[in-house]
Amino acid sequence: MSQRDYYEILGVERDADEAALKSAYRKLALLHHPDRNPNNPDAAEKFKEASEAYAVLSDGEKRARYDRFGRAGVGSGASGFAGFDASGFADLSDLFGGLFGFAAGGGGAAGPAAGSDLVYRIAISFRDAAFGVEAPVVLSRLEACEGCEGSGAAPGTRPKTCPACGGRGRQRLAQGFLTVTRPCPSCQGEGRVIEKPCPNCRGEGRRRVKKELTVKIPAGVESNSRLRL
């Protein structure tokens, strides 16, 4: 492991603030991450080097010791990265937004993401705006397939647990002191395998349907007003 100055490794000034450190490290990590550079030991070494530098400089106490005593002050001397204490290293999910599925330690698969809000624009007459009206709104959304009851498997069959990941939907790889998780390639992160897909939804488990709602627009509503349902 190179013994270059941590600030030099990240390419920042010695008075760089937290935002500058995070931005510099994110760029280097994305560039040299092993997932993007398979079978490239030089990239893996640079990734570890940048991770070590950021882990120290992003910690106020460790940074102060490093500024005063150098690597000897943070327990990273001649032994390099192998002697580095990563116990205080921050979770990398805030840096990468789940791009690589980082986790500082253990942890299982992430749950399903929340759906986005929908905005439906409707035009009404001046009279309806003045006196109020109940207006129909037709939305298109995904609902569980009736043929397979949402399982995605053909009637009479059931999805099987993915043998590659044991149903977790993710595989974990060790990268130095980090554990990198990523979606299982065998089941695409689902944790299950459908051998015989449902013919109605083609294995999706959901079908797009239209649903009509009635929205009560109050009297005296103004242009560009928003109603939350």
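The values are calculated or read from the model by the stated rules, or taken from the named source; none is laboratory data. Values in this document were obtained by computation on a predicted structure and should not be read as measured data. Using ideal geometry, Cβ is built from the backbone for each residue, glycine included, and neighbour counts are taken over all protein chains shown. Heads up: the accessible areas ignore ligands, DNA and RNA and are worked out on the full protein's heavy atoms, side chains in. Shrake-Rupley method; radii C 1.70, N 1.55, O 1.52, S 1.80 Å.
Need one value: the accessible area of Ile217 in square angstrom, 1.4 angstrom probe, rounded to the nearest 10.
20
Rank-order 31-44, 51-64 by packing density, defined as the average count of other C-beta atoms within 10 Å over each peptide's residues, highest first.
Ranking the peptides 31-44, 51-64 by packing returns 51-64, 31-44.
Between Asp17 and Val221, what's the calculated FRET efficiency when r is the beta-carbon distance and R0 is 41 Å? Round to 0.05.
0.30
Between Val119 and Arg172, what length in nm is gained on full extension when 0.36 nm per residue of separation is reduced by their alpha carbon distance?
On the way: separation 53, 0.36 × 53 = 19.08 nm, distance 3.83 nm.
Fully extending the segment from Val119 to Arg172 adds 15.2 nm.
If each of Lys210 and Arg36 carries a label point 7 Å out from its Cα toward its Cβ, how far apart are those two points in nm?
4.5
Glu149 to Arg228: FRET efficiency via 1/(1 + (r/R0)^6), r the Cβ-Cβ distance, R0 30 Å, to the nearest 0.05?
Working: r = 32 Å, r/R0 = 1.06.
Efficiency computed from Cβ-Cβ geometry: 0.40.
List residues of segment 195-229, by number, whose backbone nitrogen lies under 14 Å from a label position 7 Å along Cα→C-beta of Phe131.
219-220
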